[in-house]
Amino acid sequence: MNILVTGGLGFIGSHTVIELIKSNHTVVIADNLINSKIDVLNKIETVVNVRPTFYQVDVTNELDVEEIFTNHKIEGVIHFAGLKSVGESVSKPLEYYYNNLVSTMVLSKLCLKYGVEKFVFSSSATVYGDQPSPLKEEVELKRTTNPYGETKAMSERILTDIANAHEKFAVSLLRYFNPVGAHESGLLGENPNGIPNNLMPFVTKVAKGELPKLTIFGDDYDTVDGTGVRDYIHVVDLAKGHVKAIENLNKGVNCYNLGTGKGTSVLEMVNAFMRVNQVAVPYEIVDRRPGDIATCYADVSKAEYELDWKAELTIDEMVRDAWNFEQKQGLIEL
Ligand code: WQD
């Protein structure tokens, strides 16, 4: 299939591009480089010996994006492009609502206009809000705790209504849990601009000495060791889930949790990182982070059954690959 991947130079997008090409799909990438780097395109080419067609565009710009649909016979869209910092969304709500919702509507409008029948959307476990785990897709969604999460929930509803009104427009909503790790080559990984938000990029930068210590947000939760529990999934497993989702997308609206179905605490992640990589990660326990919940992990039975997909890589492989990528940063200039 000829697939348009928006945000295809980002962390999850670039890993998905690699798995799509390995599965003999043709990929066109649209990315505005706001949270990614153009040399990721060179790294993708190095890994798969194919250079995807690339358009540097803002996916909210309908005219620019339409040029892609007129230049290529697009058969499917995987939409990653979006602002994704929970904290930033609280201080910049309009930027998040505009960017994340308008991009989804522009792409949907062009899919209907050009007869594109498959749309895979990058959603998030954040849409569940604070509800008991393991989380099942059918659970009623509650209002999330931040504008970022609201843009994901609203985009899901927009896509659902469009699919219900247009029989030939099929949608797959993929709710990620906590993506971590990196490609085994060490060429691609999570490399956020500036101070990281998420746990693992913080851990790797502390291990490398770029940051003095990790702050662990709270150890008084009702969990195995008091620290927050999350469902960490290797980014390569997540990428493979996207390939299965678009290949098995036929009609209507489909929703899948992409996680491992297992919860791991912050301290368990940090200790695994130190054990596997034999490197120190100094940390300090501080107060809880506002908006955090104690425990969040997936029920993954639906994706396993309907997509014939199951996460295979372990926590040890996640922390190994994350460290391998961080160590190679700056050493490889292509
Ligand atoms: C994980 C755990 C923190 C940083 C968010 C988004 C979610 C998705 C993934 C996009 C928590 C603890 C973290 C640190 C810490 N993003 N932590 N010190 O909050 O589960 O999910 O990112 O789709 O939508 O909500 O991920 O990595 O920020 O936190 O102790 O410096 O690590 O308290 O328990 P989170 P996270």
**OP:** Hey, can you grab everything whose amide H is under 5 Å from the amide H of Asn61? Only 5+ residues off in sequence or another chain; H modelled, so Pro and N-termini drop out.
**Re:** none
Subject >> Distance (nanometres) between label positions extended 7 Å along Cα→Cβ at Leu94 and Lys37 >> reply: 3.3
**OP:** Hey, can you grab everything whose amide H is under 5 Å from the amide H of Ala170? Only 5+ residues off in sequence or another chain; H modelled, so Pro and N-termini drop out.
**Re:** Lys118, Phe119
Subject >> Cβ charges +1 (Lys, Arg) and -1 (Asp, Glu), total dipole of the chain, debye >> reply: 320
Original post:
Taking R0 as 25 Å, what's the FRET efficiency between Asp316 and Asn49 from their Cβ-Cβ distance, rounded to 0.05?
Top reply: 0.25
**OP:** Compute the projected area of the convex hull of the Cα atoms of region 256-325, averaged over all viewing directions, and report it in nm² to one decimal place.
**Re:** 6.1
Subject >> Alpha-carbon radius of gyration plus Dmax, which is the widest Cα pair, for the chain in Å >> reply: 19.0, 55
Subject >> Separation of alpha-carbon centers, region 88-114 and region 256-334, rounded to whole Å >> reply: 28
Subject >> Sparse-neighbour loop sites [GluC sites (Glu not before Pro); region 288-332; at most 11 other C-beta within 10 Å; DSSP] >> reply: Glu312
**OP:** Find, among the GluC sites (Glu not before Pro) in region 180-210, those assigned to loop by DSSP (not H, G, I, E, B) with at most 15 other beta-carbon atoms within 10 angstrom.
**Re:** Glu184, Glu210
Subject >> Apportionment of accessible area to carbon and sulfur, region 4-92, percent (1.4 Å) >> reply: 48
Subject >> Per residue solvent-accessible surface (Å²) - the chain, probe of 1.4 Å >> reply: 44
**OP:** Could you work out the relative contact order of region 37-117, using alpha carbon pairs under 8 angstrom and six or more residues apart, expressed as a whole percent?
**Re:** 32
Original post:
How far is it, in nm, from the label point at Glu66 to the one at Asn271 when both lie 7 Å from their Cα along the line to the Cβ?
Top reply: 5.8
Subject >> Low-density loop positions, trypsin sites (Lys or Arg not before Pro), region 204-236 - DSSP coil, at most 12 other Cβ in 10 Å >> reply: Lys213
Subject >> For region 237-253, 3J(HN,Hα) per residue [Karplus equation, 6.51 cos²θ - 1.76 cosθ + 1.60, θ = phi - 60°, Hz, x = Gly/Pro] >> reply: 4, 4, 4, 5, x, 5, 5, 4, 5, 6, 6, 10, 8, 10, 8, x, 10
Subject >> Charged-residue dipole, Cβ positions (Lys, Arg, Asp, Glu), region 221-334 about Cα centre, Debye nearest 20 >> reply: 200
Original post:
Can you give the extra length, in nm with one decimal, that the chain gains between Arg288 and Ser23 once fully stretched, where that is 0.36 nm per residue apart less the Cα-Cα distance?
Top reply: 91.1 nm
Subject >> Other-chain or far-sequence residues with amide H under 5 Å of Cys296's (modelled H) >> reply: Val229, Arg230, Asp231
Subject >> From phi via Karplus (6.51, -1.76, 1.60), per-residue ³J(HN,Hα) for region 108-119 in Hz, x at Gly/Pro >> reply: 4, 4, 6, 4, 5, 5, 9, x, 7, 9, 10, 9
Original post:
Quick one: with all protein chains in place, what share of the accessible area of region 230-274 is carbon or sulfur, to the nearest percent (1.4 Å probe)?
Top reply: 46
Original post:
Can you give the FRET efficiency for His166 and Asp130, using 1/(1 + (r/R0)^6), R0 = 30 Å, r = Cβ-Cβ distance, to the nearest 0.05?
Top reply: 0.30
Original post:
Normalised by the number of residues in region 1-159, what is the relative contact order in percent for Cα pairs under 8 Å and 6+ residues apart?
Top reply: 22
**OP:** Step through the residues of region 73-89 one at a time and calculate ³J(HN,Hα) from phi using the Karplus curve (6.51 cos²θ - 1.76 cosθ + 1.60, θ = phi - 60°), rounding each to whole Hz and writing x for Gly and Pro.
**Re:** 7, 6, 10, x, 10, 10, 9, 9, 3, x, 7, 9, 9, 4, x, 4, 5
Original post:
Tell me, what is the percent relative contact order of region 189-334, built from C-alpha pairs under 8 Å that lie six or more residues apart?
Top reply: 34
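The values are calculated or read from the model by the stated rules, or taken from the named source; none is laboratory data. None of these values were measured; they are calculated from a predicted model. With ideal geometry, Cβ positions are generated from the backbone for all residues, glycine too; neighbour counts draw on all protein chains shown. Each accessible area value is taken on the protein alone, full model and side chains, heavy atoms only, with ligands, DNA and RNA left out. Shrake-Rupley method; radii C 1.70, N 1.55, O 1.52, S 1.80 Å.
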